[in-house]
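Q: One structure, as structure tokens, below. Some questions next.
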Amino acid sequence: MARTRHVAIASVAALAATAVLGGCGGKTDHLTADDGPVASGNGITPVKLVAHKGHKVEIKVTNTAKDKPHGFSIDEYGIKDTIDQGKTTTVKFKADKAGTFKVYCQLHPAHQPAQLTVS
């Protein structure tokens, strides 16, 4: 009888853990981008970033400039970040809108923008 109770308790614990971990799940798109010097001047590379609708998105952004901060913005997702020279930050959001969105340096509008496509 004690053995049956231990097995039942272990089974309930395993089911509870599965439910909790399943709720935390979801897929995450891990992307990287650089903001700073490019062949044509300054801008964000790669020029095209791709994520999947419904996924969590984490973009690791590095400011490759040695002399000034750069920005990283995606208006449709409310992202507006500033990255100091030589530093890296991670931008996180849920890709809840499909489409193609401009990714740009809000500090230097003349810099080459990139685009994020969510499908």
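The values are calculated or read from the model by the stated rules, or taken from the named source; none is laboratory data. Keep in mind it's a predicted model, so treat the numbers as computed, not measured. Glycine also receives a Cβ, built like all others from the backbone with ideal geometry; neighbour counts cover every protein chain displayed.
Q: Would you be able to say whether some residue in region 101-114 is within 14 Å of the chain's Cα centre (by Cα), within 16 Å of T45 (Cβ to Cβ) and touching a residue at least 60 places away in the same chain (Cβ under 8 Å)?
A: Scanning region 101-114 turns up at least one residue that is within 14 Å of the chain's Cα centre (by Cα), within 16 Å of T45 (Cβ to Cβ) and touching a residue at least 60 places away in the same chain (Cβ under 8 Å).
Q: Step by step: first the residues of region 69-98, then only those that are of a type in the set (A, V, I, L, M) and in a loop (DSSP other than H, G, I, E, B), then the one that is farthest from A33 (Cα to Cα). Which residue is that?
A: The selected residue is A98.
Q: Filter region 99-117 down to residues that are part of a loop (DSSP other than H, G, I, E, B) and of a type outside the set (G, A, S) and give me whichever is modelled with the lowest pLDDT.
A: If we take residues in region 99-117 being part of a loop (DSSP other than H, G, I, E, B) and of a type outside the set (G, A, S), then P109 is modelled with the lowest pLDDT.
Q: Within region 19-31, can one find any residue that is at pLDDT below 50 and hydroxyl-bearing (S, T, Y)?
A: Within region 19-31, not a single residue is at pLDDT below 50 and hydroxyl-bearing (S, T, Y).
Q: Surrounded by 16 or more Cβ atoms within 10 Å (Cβ to Cβ) and at pLDDT 95 or above: is that true of G71 in this structure?
A: yes
Q: Further, regarding this structure: If you take the residues of region 36-68 that are surrounded by fewer than 18 Cβ atoms within 10 Å (Cβ to Cβ), of a type in the set (A, V, I, L, M, F, W, C) and part of a strand (DSSP E or B), which of them is farthest from the chain's Cα centre (by Cα)?
A: Among those that are surrounded by fewer than 18 Cβ atoms within 10 Å (Cβ to Cβ), of a type in the set (A, V, I, L, M, F, W, C) and part of a strand (DSSP E or B), it is V38.
Q: Out of region 39-79, which residues are hydrophobic (A, V, I, L, M, F, W, C), under 19 Å from T89 (Cβ atoms) and out of contact with any Phe, Trp or Tyr (no Cβ under 6 Å at 6 or more places or on another chain)?
A: If the condition is that a residue be hydrophobic (A, V, I, L, M, F, W, C), under 19 Å from T89 (Cβ atoms) and out of contact with any Phe, Trp or Tyr (no Cβ under 6 Å at 6 or more places or on another chain), then I44, L49, A51, I59, A65, F72, I79 are the ones that fit.
Q: Answer yes or no: is there a residue in region 54-67 that is modelled with pLDDT under 95 and of a type in the set (D, E, K, R).
A: yes
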